[in-house]
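Below you'll find the structure, written out as structure tokens, and then a few comments.
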Amino acid sequence: MSSPSPIPSAGSPERSTPGGLAKSQPGLVAVGVMLAVQWTSEVADVVLDHRLDAYGVRPHVLVGLRGIVFAPFLHGGFGHLIGNTVPFAALGGLVALGGLRQFLSVTVIVGLVSGLGMWLFGSSNEVHLGASGLVFGYLAYLLVRGFFARNGRQILLGIVVAFVYGGLLWGVLPTSRGVSWEGHLFGVVGGVGAAWALLQFDKARVAADQRNS
């Protein structure tokens, strides 16, 4: 019988090897594609006199649920989009270093939790737009996954991320009018949930491999 395999660190990135770099490339490409769609959508929104904004999350209205899919690709102007682009690229890129599966899994979980949170608890007379829910989710995921997995390298990375981007967490408080703090708050909830869920999935996968070995 083979020796037990170590439990993966919630989709931790591979070491600096050609195989590890190859694993991260599809995820990084996905980050780039999402950014390209966000910018293309904003250009199209301007051309269409901002009619695409209607596809954001509209709380408490059944049709507003479509915004869970579309809202991360729509923004309230280029200033809003520019403000999200750098942290989305940086934090999303760090998540994507663990591979395409990790990036997509975290994105889907955070997107669903953040979007549903906005739909359930947001103001009925507002439309929620932007990728900031995903940004806050990526941030939370990177901050907590190392502690869940007891991985020193990931904890260290989380500390660095907290030093650079930790100030964003003030955005979960309703301090600024017109800012979707609900999306930020539930993005954080989704990021923490994604870190826990992926670790449990990895544990179950390792256990299954051990049983089959």
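The values are calculated or read from the model by the stated rules, or taken from the named source; none is laboratory data. Note that this is a predicted model, so its numbers are computed, not measured. FYI the Cβ positions are ideal-geometry reconstructions off the backbone, even for glycines, and counts take in every protein chain you see. Surface accessibility is based on the protein's heavy atoms, side chains included, excluding ligands, DNA and RNA. Shrake-Rupley method; radii C 1.70, N 1.55, O 1.52, S 1.80 Å.
A few comments on the model shown:
- Note on the chain: with a GNM built from Cα contacts shorter than 10 Å, the maximum mean-square fluctuation among ARG101, ARG153, ARG177 falls on ARG177.
- SER114 accessible area, assembled protein chains, probe 1.4 Å, Å²: 10
- Highest to lowest packing among 37-47, 184-194, 130-140, scored as the average C-beta count within 10 Å: 130-140, 184-194, 37-47
- Stretch gain in nm, segment SER124-LEU156, where the contour uses 0.36 nm per residue and the Cα spacing is subtracted: 7.4 nm
- Pairwise label distance in nanometres, PHE78 with ARG101, each label 7 Å out on the Cα-Cβ vector: 4.1
- Here, the chain has an Rg and a Dmax of 18.0, 65 Å when only alpha carbons are counted.
- Prolate/oblate/rounded label for region 100-213 (Cα gyration tensor, a/c 1.5): oblate
- Against the main long axis of the alpha-carbon atoms of the chain, helix 152-165 sits at an angle near 20°.
- Å² of accessible area per residue within region 49-166, as computed with a 1.4 Å probe and no ligands counted: 44
- Applying 0.36 nm per residue to the separation of ALA30 and ALA197 and subtracting their alpha-carbon distance, the gain on full extension is 58.0 nm.
- For the chain, the longest principal axis of the alpha carbon atoms and the long axis of helix 78-96 meet at an angle near 10°.
- Rg over Rh, two decimals, region 122-176 (C-alpha only, Kirkwood Rh): 1.10
- Cα-based convex hull volume of region 149-202 per residue, rounded to whole Å³: 73
- ³J(HN,Hα) computed for each position of region 32-43 - Karplus, 6.51 cos²θ - 1.76 cosθ + 1.60, integer Hz, glycine/proline x: x, 5, 5, 5, 4, 5, 4, 5, 4, 5, 5, 4
- Subtracting the Cα-Cα distance of LEU112 and VAL164 from their residue separation scaled by 0.36 nm leaves 16.1 nm.
- Cα gyration tensor category, rounded, prolate or oblate, for region 33-107 with a/c compared to 1.5: oblate
- Share of carbon and sulfur in the accessible area of region 91-213 stands at 69%, probe radius 1.4 Å.
- Largest GNM mean-square fluctuation across LEU35, LEU173, LEU91, computed for the chain with C-alpha springs under 10 Å, falls on LEU173.
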